[in-house]
Amino acid sequence: MCGIVGVVGNRNATDILMQGLEKLEYRGYDSAGIFVTNAQHQSKLVKSVGRIEDLRQKLGIDIAGTAGIGHTRWATHGKPSIENAHPQTSTSGRFVLVHNGVIENFKEIQDRYLKNDRFIGQTDTEIAVHLIAKFAEEDEKMPVLDAFKKALDIIEGSYAFALMDAEDPETIYVAKNKSPLLLGLGDGYNMVCSDAMAMIRETSEFMEIHDKELVVLKKNSAMITDYAGNPVTRDSYRAELDLSDIGKGTYPYYMLKEIDEQPSVMRQLIQRYTDADGAVNVSDAIVRAVQEADRIYIIAAGTSYNAGFGAKMMLEALTQTPVELGLASEWGYGMPILSERPLFIFLSQSGETADSRQVLVQVNELGYPSLTVTNVPGSTLSREASYTLLIGAGPEIAVASTKAYTGQIATLAFLAKAVGETDGLQAASDFDLVKELSVVAQSIEASLSEKDKIAKIVQNRLLTTRSAFYIGRKQDYYVSMEAALKLKEISYVQCEGFAAGELKHGTISLIEKGVPVIAVLSDPLLASHTRGNLMEVAARGASTITIAVEAVANPGDDIIVTNVHPWLSAIAMIVPTQLIAYETSLQRGLDVDKPRNLAKAVTVE
Ligand code: M6R
């Protein structure tokens with residue numbers, strides 16, 4: 001993961017880097033650092049363990065730098081420490097490097113080329129900057145760009161690099177492979193960054209960098225070449241991103257803001273995927289791709305994987321095509337026997353998840369069609385798939401994904417409905433998606449008005465527990481999986497989402513006095529069975545909690561969700577569980593938005 005940012009030109013580099021890092025902090029937050037320099041060759045390297053705020057405290061006197069690079073880290077090689085924080089430097093201090101990614105052959109490089117070098121930390125990045133320095137310093141005539149290229153020819157793995165030479169304060173050298181990176185172009189200054197959102201204070205003009213491309217970035221130019229030195233010409237594009245989207249406003253945490261945004265995400269999706277007459281409007285090419293498939297494979301990780309399950313039943317019913325889910329981190333190392341005409345759907349909020357991309361690369365090599373459903377236009381998975389459907393949920397900054405989950409299911413609903421209608425399926429015409437999603441939006445609003453009640457449930461039943469279970473059947477089981485992920489991710493409660501009927505086959509032995517077991521109940525045919533399982537755990541001392549839709553609610557249920565269409569129940573049922581997770585984390589005094597050990601975009605394998 002990690003976030004990198006660089007700037008060169010007529011701006012105060014320290015300010016720009018620090019603002020950029022604050023916006024990139026979601027990508028990693030265990031240590032951070034910046035290097036700034038100016039035309040007088042004054043320079044400053046500051047690093048700290050902890051958050052960007054800790055780095056800010058250490059900045060000291062500003063040197064009026066006009067160029068620099070910065071980094072916020074999610075540790076892969078070596079623990080969070082000053083030594084391992086980036087920027088990393090060569091022995092002489094001349095070369096300074098920030099890196100997002102993982103260098104797979106760093107040990108071989110060290111053994112083969114850098115046997116006599118002394119390293120102060122454990123990072124693969126330190127090896128890379130030493131390698132570049134070795135090539136540049138052992139042949140004084142070699143331009144830095146050539147030394148960088150020579151190193152890149154040896155380095156294997158994923159990287160977004162920004163390199164500076166202290167002897168040349170007017171140039172940043174950039175290279176990318178597999179890790180996200182793009183240029184931001186300004187008037188008299190240029191930037192490079194892992195995420196456009198971290199540059200939008202400075203510019204709305206961006207330029208993509210593709211894998212295995214190099215950029216020589218100066219204040220008035222951005223020269224892109226491939227590794228063989230062939231120039232690359234590419235148009236920049238304007239993206240009018242909304243600055244208010246990336247602020248918390250009056251909210252204490254992004255997660256709460258993003259949970260609250262879900263009704264409007266539903267309504268915006270209705271706008272996005274319907275035409276002026278209110279008819280569902282999804283690109284013909286995408287509908288055809290689904291029609292031509294004999295099996296749909298949804299590949300994803302974490303919450304996006306759970307969202308795939310949330311949409312499976314509806315997709316199968318409306319496309320009349322079997323849907324199989326694949327964990328990206330597993331499928332990257334071998335796919336099962338595929339059907340004859342597969343369509344791969346990549347679900348990803350960020351569009352940058354390395355595990356998913358690993359599968360997409362293989363899918364492309366095999367020549368199969370693919371569709372990315374993502375929240376981030378222009379992201380890697382979007383660029384590399386045959387087709388894209390955007391969720392348009394606005395930036396999701398909290399590490400715990402909420403509105404992307406509900407947005408993904410709703411987006412897939414439009415796809416399913418469009419395919420079903422094109423196929424002339426009665427069930428598709430009967431499914432009034434615009435109306436049903438409006439009902440869902442109202443249901444979410446009703447759940448959001450229950451925050452105080454949910455806070456009390458958490459205070460009384462979840463505040464001190466070490467473990468918990470969510471249980472449900474079918475669709476409610478899938479919701480339980482996501483609900484459990486949310487709770488454990490931000491409150492550190494060990495929680496499992498379990499198929500209700502499966503408990504008695506072993507896991508019920510974990511139930512002891514006071515363990516919270518939360519049942520998700522939305523299916524009239526299955527609710528009584530799940531209630532039976534709840535009785536079984538209650539008889540063994542569990543503290544039971546029920547989340548039920550009105551249609552199946554009993555007196556005494558803890559949280560009631562207003563009725564929604566069964567195909568969309570995962571969207572409505574998840575909301576109280578998001579609030580439970582939020583409240584548990586909050587009441588335990590944890591950092592809701594930035595849980596330990598995690599980062600938002602998982603761009604390493
Ligand atoms: O960006 P993606 O949707 O591809 O990310 C996948 C997972 O890393 C992500 O959903 C993760 O599980 C969330 N932090 C869960 O809240």
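All of the numbers you see were taken from the coordinates with simple rules; none came from a lab. Bear in mind that the values here come from a model prediction, so they are computed numbers and not experimental data. Reconstructed Cβ throughout: ideal geometry from the backbone, glycine too, with neighbour counts over all protein chains shown.
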- prompt: What are the residues in the range 336-349 that are in contact with a Phe, Trp or Tyr (Cβ under 8 Å, 6 or more places away or on another chain) and either more than 13 Å from the ligand (Cβ to nearest atom) or of a type in the set (D, E, K, R) (or both), if any?
  reply: L338, P342, L343, F344
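Yes/no per residue for (1) in a strand (DSSP E or B); (2) on the phi > 0 side of the Ramachandran plot; (3) not hydrophobic (A, V, I, L, M, F, W, C):
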residue	(1), (2), (3)
L315	no, no, no
E324	yes, no, yes
S329	no, no, yes
Y333	no, no, yes
P336	no, no, yes
E340	no, no, yes
I345	yes, no, no
E352	no, no, yes
R357	no, no, yes
task: Starting from the range 336-365, take each residue that is free of Cβ contacts under 8 Å to residues at least 12 places away in the same chain and list its partners that are within 11 Å of the ligand (Cβ to nearest atom) and in a helix (DSSP H, G or I), counting only C-beta distances under 9 angstrom and pairs at least six apart or across chains.
output: none
query: Yes or no: Y470 surrounded by 18 or more Cβ atoms within 10 Å (Cβ to Cβ), part of a helix (DSSP H, G or I) and among the aromatic types (F, W, Y)?
result: no
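This table checks each residue for (1) part of a strand (DSSP E or B); (2) under 22 Å from S90 (Cβ atoms).
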position	(1), (2)
V8	yes, yes
L17	no, yes
L21	no, no
Y29	no, no
G33	yes, yes
Q40	no, yes
K44	yes, yes
K47	yes, yes
task: Scan the range 576-585 and give yes if some residue there is farther than 18 Å from E261 by Cα and surrounded by fewer than 24 Cβ atoms within 10 Å (Cβ to Cβ), otherwise no.
output: no
task: Look through the range 480-530, keep the residues that are in contact (Cβ under 8 Å) with a residue 60 or more places away in the chain and among the charged types (D, E, K, R), and return whichever of them is farthest from T464 (Cα to Cα).
output: E482
- line: Of the candidates A404, A428, A416, the one satisfying the condition of being within 16 Å of the ligand (Cβ to nearest atom), among the small types (G, A, S), crowded, with 21+ Cβ neighbours inside 10 Å and in contact (Cβ under 8 Å) with a residue 24 or more places away in the chain is A404
message: If I go through the range 191-228 residue by residue, how many of them are closer than 24 Å to A601 by Cα and of a type outside the set (K, R)?
response: 23
Cβ-Cβ under 9 Å pairs, at least 6 apart or on other chains, the range 287-303 side among the aromatic types (F, W, Y), far side assigned to a helix (DSSP H, G or I) and more than 12 Å from the ligand (Cβ to nearest atom): Y297/W331; Y297/V363
